[in-house]
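One structure below.
Every number in this text was worked out from the coordinates using simple rules, so none of it is lab data. Since the model is a prediction, treat every value here as computed from it, not as a measurement. FYI the Cβ positions are ideal-geometry reconstructions off the backbone, even for glycines, and counts take in every protein chain you see.
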Amino acid sequence: MDTEQIILLGATAFVGITSVQAHTAQQRPNIVLFMVDDMGWQDTSVPFWTQRTPLNNTYETPNMERLARQGMLFTEAYASSISSPSRCSLLTGANAARHRVTNWTFRKNQMTDEVDDQLTPPDWNYNGICQTEGMPNTFVARSFVDILHEAGYHTIHCGKAHWGAQDTPGELPLHFGFDVNIAGHAAGGPATYLSERNFGHDADGHPTAQFAIPGLQKYWGTGIFLTEALTQEALSALDSRPSVPFFLYMSHYAVHIPIDRDMRFYEKYRRRGLSEKEAAYASLIEGMDKSLGDILDWLDRNGQTENTIVLFMSDNGGYATGAEWRDEPLYTQNAPLRSGKGSLLEGGIREPMIVRWPGVVSGGTHCDSYLLIEDFFPTILEMAGIRRYRVPQTVDGRSFVPLLRGTGDPSHGRSLIWNYPHVWGNRGPGIDLNCAIREGDWKLIYSYKTGEKELYDIRHDISEEHNLAAEHPKLLRRLSRKLGKRLRAMKAQRPTFQATGQPCPWPDE
């Protein structure tokens, strides 16, 4: 957008107020956002469904269980199907269709799209997001972290960033309002979790892999696992923080590939009969959970538990697609959800989410209302008591504080929108060149390539086994119109046919 807008939380329109309003330092809570990479809905011993599943009985995540006992578990929390779109929506509050970082980013001025034999992807924002003008193929926006920083928060980033391409301003978390950056850069995953391999560097400090993790040199060769090294660095940053409210973005590279073995937990799962790959993945999950417990323990030891909000979330579904056609065994799956990362079916976009807010949220509660990752932007600011702020972007997210307080349901009458006009690289159902809408119990997925439409009653068909498009033509037309209208209103992009150079039809055309 060309002009900045002042947003008043709770209002229905933008208003011309220029100051940031916040609680005093004594009243403002600390906030920890614990983000896991590629964690599926079932990659935990905490059931996010009406019943336990085999995976819930396979993995051990005692600290997720602890957090769920103390907070609210969300059964229908959504993100994008790929990392960068989710993380850019998280930071800016804008829907991925609007910010146009609709695929994963890495190298400056380079798309990451795989080739399709019929369609050409749009010229999307492959350089990511940025807080300043001047960089092509970026979305200019102000982060919620910068607003927290302006309001007096000490802001710490630890782990994966993946908001901007290499050698762009958006690559570095410090450019988005973080006071501290630990190991965050352009890459979307780790070269290796193993300090024995210097996290992807040679003995002279030169990267040996494109996803080499920056910093952390003091851990090279020590035998420490990446997840543990990041946790220790996060706790050190908390120990040395100034005496003001803090925001910690604990953004783990786990449980993204490569599936390295965290030997603290690996052998236990092998003894249970899991394959080497399955046991390695389970060890990644439990190592992540130990990190969560270490942070919760730090809050307890330092008397910060009652004044700290903890949010747990993942950025896309579990990596449960693609292995079959590469002749590799699947090491995880998302059942009863169908498909996984990269798909607009539930397995690719439904996430494990828990919120602990002492004094506000009752422990052991559940919420079945749906929300999208862009909602974290206004929610976290409202939690911090920041009611008005200046941003250049349109914020599509809605605060879910009413769900936490039990004062309302922002999902009523709301449509969630996804747009993925790309070829990711894996194969599987619901992957590539599509868009989707969820409204109430119903979800429509539209294929740009084939024009096919799938309609599912999510409440009664969580596995999306029954396409009801033929049985409900009026509903299909209504959702198609709404999806097409919303995409056009956000100036969303779509692929084009190579044969004609014409754009693919919108879902209502």
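When only DSSP loop residues count, what GluC sites (Glu not before Pro) in the range 354-463 have their Cβ near at most 13 other Cβ atoms within 10 Å?
Numbers: sites: 374, 382, 439, 452, 454; in loops: 452.
Sparse-neighbourhood loop GluC sites (Glu not before Pro): 452.
Within the chain, what percent of beta bridges assigned by DSSP are antiparallel, to the nearest 5?
Numbers: 36 of 64 bridges.
The antiparallel fraction comes to roughly 55 percent.
The slack in the chain from residue 508 to residue 209, taken as 0.36 nm per residue of separation less the alpha-carbon distance, amounts to 103.2 nm. Placing +1 on the Cβ of every Lys and Arg and -1 on the Cβ of every Asp and Glu, with nothing else charged, gives the range 214-320 a dipole about its Cα centre of roughly 280 debye. Counting Lys and Arg as +1 and Asp and Glu as -1 over every other residue whose Cβ lies under 14 Å from the Cβ of residue 293, the net charge comes to -2. Among the GluC sites (Glu not before Pro) within the range 124-195, those in coil by DSSP and having at most 11 neighbouring Cβ atoms inside 10 Å are 133.
Fewest-first ordering of 418, 163 by other beta carbons within 10 Å of each residue's beta carbon gives 418, 163. Every helix of 4 or more DSSP H residues in the chain counts as -39500 (n - 2.57), and over all residues that averages to -6500 deg cm²/dmol at 222 nm. Based on C-alpha pairs under 8 angstrom that are at least 6 apart in sequence, the chain has a relative contact order of 24 percent. Among (i) 69, 68, 45; (ii) 66, 57, 47; (iii) 58, 58, 47, find the value of Cα extents along the principal axes in Å that was calculated from the structure presented, and write down its label. Recomputing Cα extents along the principal axes in Å here gives the entry labelled (iii).
Here 243, 480 are placed in order of increasing Cβ neighbour count within 10 Å, fewest first, which gives 243, 480.
Please compute the net charge surrounding residue 167, taking Lys and Arg as +1 and Asp and Glu as -1 over other residues with Cβ under 9 Å from its Cβ. Don't skip to the answer; put the middle values down first.
Numbers: positive: 107, 108; negative: 171.
Neighbourhood net charge equals +1.
Under 26 Å of direct C-alpha separation, and excluding same-chain neighbours fewer than eight residues apart, residue 485 reaches these lysines: 443, 449, 453, 474. Reducing the range 455-485 and the range 149-175 to their Cα centroids gives an inter-centroid distance of 39 Å.
Backbone amide hydrogens, once placed in the peptide plane, bring residue 469 within less than 5 Å of 455, excluding anything fewer than 5 places away on its chain. Charge dipole (Cα centre; +1 on Lys/Arg Cβ, -1 on Asp/Glu Cβ; no other charges) of the chain amounts to roughly 1140 debye. Put in line by how crowded their Cβ is, counting other Cβ atoms within 10 Å and starting with the fewest, 149, 252, 201, 460 read 460, 149, 201, 252. For the range 203-244 and the range 276-316, what is the separation of their Cα centres, given in Å? About 17 Å separates the Cα centre of the range 203-244 from the one of the range 276-316.
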